[in-house]
Amino acid sequence: MSSRVPLDALFAGYLHDLAELAELARDEHAEGLRGARALVGKLVLEALRVSVDERHFLLPVVQEALADGADRSRGIVADLDELEAKVVALEGLDPTTPAAGAALEELTETVVALAREQRAGVLPALAEAVDDRELVALAAPASPTQQAGTTHSHPKLPPQYDLQQWPTRGLARVTREALEHEARIREADFSSTS
């Protein structure tokens with residue numbers, strides 16, 4: 001059995017940090033704290049980053065390394081599609097309304113459930129199927145993106161999309177496009193070092 005350290009690195013890189021960020025954003029928004037909008041912007045960015053990174057890096061390994069990898073991958077894709085739908089549901093809402101709080105709560109619940117499912121399911125299965133070196137390598141493409149502190153707008157986003165504010169309409173689409181571009185670059189780097 002693989003050690004916990006590579007599995008923990010994999011989990012932190014993909015979902016643990018996102019789950020903590022979602023809960024923090026939800027709680028600060030519920031308390032009406034000033035920094036909550038920026039946390040929601042960072043949550044949107046990181047939720048989309050997790051979705052893109054899992055599709056580019058995690059799912060190919062799941063499909064290849066696990067006997068039921070194709071079935072597990074379909075389930076994960078459905079979960080990631082739901083995650084992205086919950087992100088889009090935040091767009092354009094007035095952050096002072098109950099609808100905004102409800103949409104943020106739904107996104108948080110989706111993130112936490114996805115983290116729980118993967119921590120108990122696919123990630124331990126991967127830890128059994130691949131060696132520790134491969135687990136650490138699998139975590140590497142996601143890990144550099146997890147930076148503490150206040151976020152700023154992604155450099156590839158048009159200026160009208162400010163991640164310091166509540167998500168505006170279209171933010172998820174343009175953010176996903178920028179992250180897809182980054183993932184393709186990292187995927188090429190990841191493939192050349194594997």
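The values are calculated or read from the model by the stated rules, or taken from the named source; none is laboratory data. From a predicted model like this one, the values you see are computed outputs, not experimental measurements. No Cβ is skipped: glycine too gets one built from the backbone with ideal geometry, and neighbour counts run over all protein chains shown. Side chains included, ligands, DNA and RNA excluded: accessible areas come from the protein's heavy atoms. Shrake-Rupley method; radii C 1.70, N 1.55, O 1.52, S 1.80 Å.
Miscellaneous remarks
- Selection from the range 118-141 of residues that are under 22 Å from Ala78 (Cβ atoms) and more than 18 Å from the chain's Cα centre (by Cα): Pro124, Ala125, Leu126, Ala129
- Number of positions in the range 95-110 that are part of a helix (DSSP H, G or I), open to solvent by 20 Å² or more (accessible area, probe 1.4 Å) and more than 16 Å from Leu80 (Cα to Cα): 5
Matching residues to (1) within 21 Å of Ala137 (Cβ to Cβ); (2) of a type in the set (A, V, I, L, M); (3) assigned to a helix (DSSP H, G or I):
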residue	(1), (2), (3)
Ala12	yes, yes, yes
Leu15	yes, yes, yes
Leu45	no, yes, yes
Asp53	yes, no, yes
Arg72	yes, no, yes
Gly75	no, no, yes
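- Yes/no for Asp71 being at negative phi and without any contact (Cβ under 8 Å) to a residue 24 or more places away in the chain: yes
- Figure legend. Inter-residue proximity from the range 2-20: first residues at pLDDT below 70, second residues open to solvent by 50 Å² or more (accessible area, probe 1.4 Å) and among the acidic types (Asp, Glu), beta-carbon distance below 9 Å, spacing 6+ or different chains. Indicated pairs: Ser2/Glu128; Ser2/Asp131; Ser2/Asp132; Ser3/Asp132; Val5/Asp132; Pro6/Asp131; Pro6/Asp132; Pro6/Glu134.
- The range 47-81, residues that are within 11 Å of the chain's Cα centre (by Cα) and surrounded by 20 or more Cβ atoms within 10 Å (Cβ to Cβ): Ala47, Leu48, Arg49, Val50, Ser51, Val52, Asp53, Glu54, Leu80
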